[in-house]
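Down below is the structure, laid out as structure tokens.
The values are calculated or read from the model by the stated rules, or taken from the named source; none is laboratory data. The structure displayed is predicted, hence computed values, not measured ones. Neighbour counts run over all protein chains shown; Cβ positions are idealised from the backbone, glycine included.
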Amino acid sequence: MPAAKPPIRPAVDVVIAVHNAARPVRRAVESVFAAGLAPGRDGGVRVSVVCHNVPVEEIRALFPSPLAEQVRFLSCADGIPSPAGPFNTGLAAADAEYVSIMGSDDTLEPGALADWLEVARCCTSDAVIAPQRHAGGAKVRTPPVRVGRRRHLDPVKDRLSYRTAPLGLVRTAEIRRQGLAFSAGRRSGEDQEFSSKLWFGGGRIDYARGAGRYVVGADAADRITSARRPVAEDLGFATDLVAGEWFRHLPQRARTAIVTKILRVHVFGMVLARAGGDGWSAADRQALAEAAGALTAAAPGARRLLSVADNRLLQSILDPGSPEAVLVRRAHERRRFGRPATVFAAGLTAQFNPEAPLRFIAASALL
């Protein structure tokens, strides 16, 4: 009887979550296999497709026989419309040195994985942040790191909070060390706690500037996280995060950086996203005010780092009785970039803080 072959030890486990057979998951897998690491070999790549609330055989049938044999199909039948479950399933099954997560309608540029792994091995990184672009070609300008910065990133100075999804490579041992997991059951912001703990957890973070990019697909009309939900549900990740013991024990500069990002991206961004259609209900206005109040109370210094226009909008948000027309007008005004109210921080002495508008805008433009 021939001796059993030793198990393959891939360098990277790639976890792809799919919840619908209409998603182009085969294209995603093929892009991974063209990303510079050979499948099925020591030091190569292993792809785990996690079939979320859909039969494994239904997804396997999308792959021709030779390709299907190179993929590990896993099942996650939790009945919850959240990407947290399948990503956690894939992470739990990962045992390569590094792990990478991926959406089923996204792709990798040729050679990208090999590029990222080269950075990781050169720098002994705990995480490598991948450069991103949209399928149409536009660059994703997050995180807006310091100009020219690549190595040994600082979570505050390099504004790592703005990269919410931990795309790139993460050392599997670092995930285990910190007990990182996506927030189970949450349909919005399920990756916020994971990434916050990763960036601010003390591990070495490097940026693969100039490497092959992660490409955000434009195909999916049914992304799990895109549906409109009550404000209290959409911002629950934020209020739970700042109320948690981990957040309370962070240094003040870290708490301020995280809250500034959540206000800018999630709270302010929500106003215009909900301006059309049925507008704002009284319950949603109240929930928005309560969430913004909890955030500003958790990091009072964030307000002085925001622009003058941002603070005007925040004032309307904190008062659920303020007219909706004023709320929407101020949301538009904060996006008129280049005007003094959008360029200068509200705090006179805060103009050169990494989060202040002047430095933030410059770093984003030069990324």
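A compact table of results
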quantity	calculated
Residue selected from the stretch 307-343 under the condition in contact with a helix residue (DSSP H, G or I) (Cβ under 8 Å, 6 or more places away or on another chain) and among the basic types (Lys, Arg), by the criterion surrounded by the fewest Cβ atoms within 10 Å (Cβ to Cβ)	ARG336
Subset tally (residues that are β-branched (Val, Ile, Thr) and touching a residue at least 40 places away in the same chain (Cβ under 8 Å)) for the stretch 300-348	2
Candidate set: the stretch 57-74, residues that are surrounded by 15 or more Cβ atoms within 10 Å (Cβ to Cβ) and under 27 Å from the mean Cα position of the chain (by Cα); chosen: the one farthest from GLU118 (Cα to Cα)	ILE59
Elements of type helices (runs of 4 or more DSSP H) in the stretch 19-73, at least 2 residues being closer than 18 Å to TYR214 by Cβ	25-33
ARG359 vs. criteria surrounded by fewer than 18 Cβ atoms within 10 Å (Cβ to Cβ), among the charged types (D, E, K, R) and without any contact (Cβ under 8 Å) to a residue 12 or more places away in the chain	no
Filter result (of a type in the set (A, V, I, L, M), over 15 Å from the mean Cα position of the chain (by Cα) and surrounded by 22 or more Cβ atoms within 10 Å (Cβ to Cβ)) within the stretch 100-118	LEU108, ALA112, LEU113, LEU117
Residue count for the stretch 90-112, restricted to those that are closer than 20 Å to SER195 by Cβ, assigned to a helix (DSSP H, G or I) and touching a Ser or Thr at 6+ places or on another chain (Cβ under 7 Å)	1
Selected residue [at pLDDT below 95, surrounded by fewer than 22 Cβ atoms within 10 Å (Cβ to Cβ) and either among the small types (Gly, Ala, Ser) or in contact with a helix residue (DSSP H, G or I) (Cβ under 6 Å, 6 or more places away or on another chain) (or both)] from ALA3, ALA96	ALA3
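Yes/no matrix, rows are residues, columns are (1) buried (at least 24 other Cβ atoms within 10 Å of the Cβ); (2) more than 20 Å from PHE200 (Cα to Cα); (3) of a type outside the set (Phe, Trp, Tyr):
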{"position": "PRO144", "(1), (2), (3)": "no, no, yes"}
{"position": "PRO155", "(1), (2), (3)": "no, no, yes"}
{"position": "TYR162", "(1), (2), (3)": "no, no, no"}
{"position": "GLY168", "(1), (2), (3)": "yes, no, yes"}
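Here is a yes/no grid of residues against (1) surrounded by fewer than 18 Cβ atoms within 10 Å (Cβ to Cβ); (2) farther than 24 Å from ARG359 by Cα; (3) modelled with pLDDT of 95 or more; (4) under 22 Å from the mean Cα position of the chain (by Cα):
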{"residue": "GLY269", "(1), (2), (3), (4)": "yes, no, no, yes"}
{"residue": "ALA273", "(1), (2), (3), (4)": "yes, yes, no, yes"}
{"residue": "GLY293", "(1), (2), (3), (4)": "yes, yes, yes, no"}
{"residue": "LEU305", "(1), (2), (3), (4)": "no, no, yes, no"}
